[in-house]
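First comes the structure, then the notes that go with it.
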């Protein structure tokens, strides 16, 4: 199993950490508020707490912070992230949920990759899952689909194995530039929440016809 560092103290951190611990992984929680970090680790039972000013211990580092601070977080660690797989779960969507804050033709994951050291590998994943759905792990008995994108095949294989260990199904969408398409899927979900579904108890998935 892997050692996982999750940066952030929100609902996605709780859902991911809970499933990772259940999957047998060593989980480290990192947040700027040490009191909240310790409270979350205690509530999870089995997670450790890392300091925000020291390098993450995990081989896989999950960015569960708002997109606006994600690149700065990665850049702040610098070469300490070299050799690690960085999972970007952020969505660089504008506050009005009508578009993206990233440069035209780029994605949040690509912008984060620019801030990462050369030896780190960024993989987009989990950004189309709402925290409550991720915590459940399935809808009507069917494992959730997790779309991933990345430039390094070995890094994607490690992330795919991690996703499977959580009881979920990884679906490789291609190289990191495909993260923009996956982020568009998250934007679609917000549109559905606003205009038709009216709640977040759903997930996007793929049905393969025989």
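The values are calculated or read from the model by the stated rules, or taken from the named source; none is laboratory data. These numbers come from a predicted model, not from an experiment. So basically every Cβ, Gly included, is an ideal-geometry build from the backbone, and we count neighbours across all protein chains shown.
Give the residues of the range 1-54 that are surrounded by fewer than 17 Cβ atoms within 10 Å (Cβ to Cβ) and part of a loop (DSSP other than H, G, I, E, B), sorted by residue number.
Of everything in the range 1-54, those that are surrounded by fewer than 17 Cβ atoms within 10 Å (Cβ to Cβ) and part of a loop (DSSP other than H, G, I, E, B) turn out to be 1, 10, 24, 32, 33, 45, 46, 51, 52, 53, 54.
Looking at this structure, is residue 61 in contact (Cβ under 8 Å) with a residue 24 or more places away in the chain, closer than 22 Å to residue 14 by Cβ and not in a strand (DSSP E or B)?
Spelling it out, it is not the case that residue 61 is in contact (Cβ under 8 Å) with a residue 24 or more places away in the chain, closer than 22 Å to residue 14 by Cβ and not in a strand (DSSP E or B).
Restricting to the range 75-106, name every residue that is assigned to a helix (DSSP H, G or I) and out of contact with any helix residue (DSSP H, G or I) (no Cβ under 8 Å at 6 or more places or on another chain).
Those that are assigned to a helix (DSSP H, G or I) and out of contact with any helix residue (DSSP H, G or I) (no Cβ under 8 Å at 6 or more places or on another chain): 76, 77, 78, 79, 80.
Kindly indicate which of 109, 72, 68 is without any contact (Cβ under 8 Å) to a residue 40 or more places away in the chain and part of a helix (DSSP H, G or I).
Result of the check over 109, 72, 68: 68.
Counting residues that are at pLDDT below 95, at positive phi and in contact with a strand residue (DSSP E or B) (Cβ under 6 Å, 6 or more places away or on another chain), which helices (runs of 4 or more DSSP H) fully inside the range 128-210 reach at least 2?
none
When you look at residue 123, is it assigned to a strand (DSSP E or B), closer than 22 Å to residue 75 by Cβ and within 15 Å of the chain's Cα centre (by Cα), yes or no?
yes
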